[in-house]
Amino acid sequence: MKLVEALPDLVSDMESPLLQLGRGDLVQQLKEALLRRWTYDDFSDTTYLYLSAEPVERMQVERLSLYDEVGVNLDADEHGRLCGIEVLDGKRIATQLQQ
């Protein structure tokens, strides 16, 4: 399933801050990204959205923080491809994904 279909409000909320940071390339990727799987950590109340088939833990990633604007951190691989999104206050997103 596409990320934009699963979480349209989250994708929409990230567009403007990314454009302000000069990362319009990631905006287009958000619209095309496939949500491959997700995890929720109750202790830290974070949801991680995996957008790459390759394990993120093995990649060299660039972390882009949109914490102040949206409460998320985006991870891009060494080629600038979006590979994951960490959502802080993640229970809300996990609940949406479980439906």
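The values are calculated or read from the model by the stated rules, or taken from the named source; none is laboratory data. These figures come from a predicted structure and were not determined experimentally. Glycine also receives a Cβ, built like all others from the backbone with ideal geometry; neighbour counts cover every protein chain displayed.
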Take the stretch 19-40 and flag every residue that is surrounded by 13 or more Cβ atoms within 10 Å (Cβ to Cβ) and in a strand (DSSP E or B). L34, W38, Y40
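Within the stretch 71-82, track down each residue that is outside any strand (DSSP E or B) and at pLDDT below 95.
So in the stretch 71-82, the residues outside any strand (DSSP E or B) come out as 71, 77-81.
Hits for the stretch 71-82 are D77, E78, H79, G80, R81.
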Identity of the residue in the stretch 33-44, of a type outside the set (K, R) and touching a strand residue (DSSP E or B) at 6+ places or on another chain (Cβ under 7 Å), that ends up farthest from A76 (Cα to Cα): Y40
Enumeration of residues in the stretch 56-99 that are among the β-branched types (V, I, T) and over 10 Å from the mean Cα position of the chain (by Cα): V56, V61, V70, I93, T95
Restricting attention to the stretch 41-60, which residues are surrounded by 12 or more Cβ atoms within 10 Å (Cβ to Cβ) and on the phi < 0 side of the Ramachandran plot? D41, T46, T47, Y48, L49, Y50, L51, S52, E54, V56, M59
Looking at G80 and the list (1) out of contact with any strand residue (DSSP E or B) (no Cβ under 7 Å at 6 or more places or on another chain); (2) surrounded by 13 or more Cβ atoms within 10 Å (Cβ to Cβ); (3) under 21 Å from Q20 (Cα atoms), which single condition is not satisfied? (2)
Consider the stretch 41-67. How many of its residues are more than 14 Å from V87 (Cβ to Cβ) and either assigned to a loop (DSSP other than H, G, I, E, B) or hydroxyl-bearing (S, T, Y) (or both)? 8
Do we find that I85 is out of contact with any Gly (no Cβ under 8 Å at 6 or more places or on another chain), of a type in the set (V, I, T), modelled with pLDDT of 95 or more and outside any helix (DSSP H, G or I) in this structure? yes
